[in-house]
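The block underneath contains the structure these notes are about, expressed in structure tokens.
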Amino acid sequence: MNISRTPVSRHGAMMAAWLAAILQWVLLGTAAWAEDRTVVVGVFDNPPIVQQDTAGGYTGLSVDVLKSVAIANGWQLIFDHGPWHQQLAKLEAGEIDLLVGIAYKPERTRLLDFTQQTLVNNYGLVMRHPKAAITSLLDLRDKRVGLMAKSIHSREFIRMMGEFDIPFVPVEVPSYEAVLQAIASGESDVGVVNRAMSILRGSSNDILTTGIVFNPVEVRYAVPKGRNADLLAGLDQALATQKQNPVSDYNRAMARWMGGQVRERLPHWFPLAAGIAALLLLLLLASNYLIRRQVARRTTQLTESETRFRQLAENIKEVFWVGSPDWKQVNYVSPAYEAVWGMAPEQLYDNPMTWLDPVHPADRESLAAAMVPQPDDSFSEITLPDFRLTDREGRTRWIQARAYPIRDKTGKVVRLAGLADDITERKAAEDTIRFMAYHDPLTRLHNRHAFEARLREAASRSEGGPHALMYVDLDQFKVLNDTCGHAAGDQMLQGLTAHLQRAITRQHTLARLGGDEFGILLEDCDLTEAEAVARQVLDSIQAFRFSWGDNIFSVGASIGLVMVDGDRRPLSGLLSAADIACYAAKDSGRNRIHVYRDDDAMLQQRENEMHWVARLKKALDNDGFVLHAQPIVPLQHADAASHREFLLRMMDEDGQLIPPGNFLPAAERFDLMPTLDRWVVNQVFEHIGQMRNRDGCVAFVNLSGQVLNDDDFISHVLQQLHRHAIPPGSVCLEITETAAIANLTKATRLIETLREQGVLFALDDFGTGMSSFSYLKTLPVDFLKIDGYFIKGLLSDHMNPAIVEAITQIGHTAGLQVIAEWVEDEAMLDRLREIGIDFAQGYALGRPGPLSGSQRWGAESSPASRVSAGN
């Protein structure tokens, strides 16, 4: 701070001295006649507030002022020198009477009493070594910071850095002078000192200020709590008087230590005027006292407000600026400007438009359009379009800026205040999100969403030629995934993607639609050209080789091709048609191309099956399946228990039953049978668990051949048995002979594992497989169900009775019970009894009917209770 005074004459100073004498007489009263007293004064090294002089005594701003007050009050001063923290402890303990130059803090009033008058306003600031480029708190990250041990500014600095979560390396030294020495020697990069020390140091080439200020405090005198009130009163009275006198000891000390100049004496013809002024001053003293208090309070508020403003403006990462409403002048810009723009603020002050120099040329026109001055009555917040800055290395930063009008009391816009934020990272994140919304993260190709949008756009265009849609499904890709893991599969897909991109021209669209499924849109392309491109793609895939470890893998592909030429199909219909054609290519032997045509019978069948798939999934989600039951009646022993076979039925939207022959082929082709198998098991077991009396009845449940590939099915069955408390012997699971033989190992494991828990098994449709009898030794089942084809022709074909007799005899020899299906009349029943068949099932004994939770298990066992409930 530079306190400069306007020079006046020597006699004017004499007038001021008289005025001071009068004020001192009025305000101090009888203090001049007080008895001399000895005051032990604590001093420490804190130049220029207090310091040792060359003669070994003590001087400084606080000491010089204290000495002048001591002379006026007759105090004898004894100085006790020591480190700051030691002197503070002595004062709190009452070992010294007075401590000079201590920062006032409310928390310190618990142990100390302070003067009401402030000796000097002080604050902390950061000074730096010339090689340390420091403009804001963020630049102090991991820097070495010199700190005076236990000083209030050091504590406040540590607290502030902790709030901003900025790590640094503290270098603790005993005094502020030592802080500066540590900076100069390179022991620390920066140091925390007070304002007074920075003024004493002055400008220097080896230590520079950073502009970072904080923690404004008032430096006062202090005494032990409840003691030495006369010292405080004498100091307060002297300070209040001397601050008003431009040639007082206080103002001379301020000029000496804080860099100001003292007024010279006034002209000799001023004494009379001075006396009159003194009298007027005494009359106005009371009213001025209130005014001075208000001014002091307002000044403190403004100082604190300015300090807070600078701390905020200089420590936020955004660039803050204040300028004229016409954008032609900059009054202030925060230090962040240099970090973001790469230009010194002084350049902006000299030429306010230099901030446009690094702006990308393509963005300058839009910026200029937004910076047009507005009339005061319509002036509002201005949001500038996002723009780019290009630094000297060619790197680009994105900036978001906005400005706000500042108005005077009349509503006139007198300033603009603005913020500019570096949003480069946010822009990059937005670009990434935008890219990921339309691209596959693994292959970087268009994803299904983007591909469908492109296809929709192409299909809606009336101009141009036809388009072609290709659906590519890799063959044998699962082998690689199962053998080497998904990491290998992912890497193979990335390599294959690059291979495919070279196989098609740039104007065509390649997308990844699913795990190993790709889509290709050929725009303005007839069928001949589309087939040629499809062949090129197929050859490219077949030629691709992928190595993983010591193994080399190859894959094939099946391609479905559909033309988009005035087609009125919806988008989903186009993709479905291509998908159907792709499956047809797989069914025809894989590694081939199939072109979709509306009159293709195979494709119509496939489309019908895919239609059923959607209906099946909807039925699973909306309880569209029900169970029916059909009795299995004993033929050889009238008192034997009857059993029941549970059959799956589907209901349409009107509640009508759909025969299983309509939907099961689609479920089998599209691998939905394991899901249906689990649904049936869950429902049957729940029903059995609710039955009051089972009477030895066994529930027969059909399983599909696909369930043998469900590794968790065994544990699922055991879990359901336990959940519903069902004796395992009351359940018999049926597997067709063909499925069991085709998956002999898995079928044997399933049967053996569950039979160990008591579950029964039946071999269904027996007699249709090749070498059936030889497998009875391998498959440990409990029942044989003779295929209904042989039962249906039992009375009309002379071979059928022989086959049925042979199966029955071998079954009984193997310890199995034999069941005949499709029994339609009494004559068949009589013939089956003669052959020795154990159980019969068919319309002659009861049609399948809906379940009834309250009925006994054997309620439908007799022919008299046959139910007519559909097929």
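No value in this document is a laboratory result; all are computed from the given coordinates. Note that the structure is a prediction, hence the values are computed from the model and not measured. Cβ placement follows ideal geometry from the backbone for every residue including glycine, while neighbour counts extend to all protein chains displayed.
Determine the distance separating the Cα centre of region 522-581 from the Cα centre of region 80-154; give it in Å without decimals.
78 Å
Could you size up the charge dipole of region 75-133 around its Cα centre, putting +1 on the beta carbon of Lys and Arg and -1 on that of Asp and Glu, and report it in debye to the nearest 20?
Working: 6 positive and 6 negative charges, 96 e Å.
Value, rounded to 20: 460 debye.
Excluding same-chain residues fewer than 8 positions from K225, which aspartates and glutamates have a Cα within less than 20 Å of its Cα?
D80, E92, E95, D97, E107, D113, D236
Tell me, in nm to one decimal, what length is gained between D711 and R535 on full extension, where the rule is 0.36 nm per residue of separation less the Cα-Cα distance?
Values: separation 176, 0.36 × 176 = 63.36 nm, distance 3.85 nm.
The D711-R535 span can extend by a further 59.5 nm.
What percentage of all Cα-Cα pairs in region 75-209 are separated by more than 21 Å?
Working: 4249 of 9045 pairs.
Above the 21 Å cut-off, region 75-209 has 47 percent of its Cα pairs.
Which length gain, in nm to one decimal place, applies between A417 and A429 when the Cα-Cα distance is subtracted from 0.36 nm times their residue separation? All intermediate terms of the calculation are to be shown ahead of the outcome.
Details: separation 12, 0.36 × 12 = 4.32 nm, distance 2.86 nm.
Result: 1.5 nm gained on full extension.
Can you pull the Rg over Rh of region 403-461, Cα-only, Kirkwood? Working shown, then result.
Working: Rg = 22.6 Å, Rh = 15.6 Å.
Over the Cα atoms of region 403-461, Rg/Rh equals 1.44.
Kindly provide the GluC sites (Glu not before Pro) of region 696-778 that DSSP labels as loop, not H, G, I, E or B, and whose Cβ sees at most 15 other Cβ atoms within 10 Å. Write down the numbers at each step before the final one.
Details: sites: E734, E737, E752, E756; in loops: E756.
Qualifying residues, ordered by number: E756.
Nearest 0.05, what FRET efficiency do R407 and Y332 give at R0 = 22 Å with Cβ-Cβ as r?
Values: r = 18 Å, r/R0 = 0.81.
For R0 = 22 Å, the calculated efficiency reads 0.80.
To the nearest 0.05, how large is the calculated FRET efficiency for T813 and T753 if R₀ is 22 Å and r is the Cβ-Cβ distance?
0.30
Please compute the length gained on full extension between T38 and T390, using 0.36 nm multiplied by the number of residues separating them and subtracting their Cα-Cα distance.
Values: separation 352, 0.36 × 352 = 126.72 nm, distance 7.02 nm.
Roughly 119.7 nm would be gained on extension.
Using θ = phi - 60° and the Karplus form 6.51 cos²θ - 1.76 cosθ + 1.60, what ³J(HN,Hα) does each residue of region 513-523 get, whole Hz, x for Gly and Pro?
8, x, x, 10, 10, 10, x, 10, 10, 9, 8
Which entries in K618/K792; K105/K131; K586/K617; K243/K412; K746/K785; K243/K409 show an alpha-carbon gap greater than 30 Å?
Values: K618/K792 36 Å; K105/K131 35 Å; K586/K617 23 Å; K243/K412 39 Å; K746/K785 21 Å; K243/K409 34 Å.
Over 30 Å Cα-Cα: K618/K792; K105/K131; K243/K412; K243/K409.
Which aspartates and glutamates have a Cα lying under 16 Å from the Cα of K317, excluding residues fewer than 8 positions away in the same chain?
Straight-distance partners of K317: D139, E163, D165, E338, D421, D422, E425.
Determine the equivalent ellipsoid of region 316-428 by diagonalising the alpha-carbon gyration tensor, then write out the semi-axes as square roots of 5 times the eigenvalues, largest first, rounded to whole Å.
Values: eigenvalues 118, 46, 33 Å².
Calculated on Cα positions only, the semi-axes equal 24, 15, 13 Å.
So what are the three principal axis dimensions of region 439-598 from its Cα atoms, in whole Å, longest to shortest?
Largest to smallest, the principal-axis extents are 53, 32, 24 Å.
For region 625-865, rounded, prolate or oblate, judged on the Cα gyration tensor with a ≥ b ≥ c (square roots of eigenvalues), a/c < 1.5 rounded, else prolate if a/b > b/c?
Because its axes are fairly even, with a/c under 1.5, region 625-865 counts as rounded.
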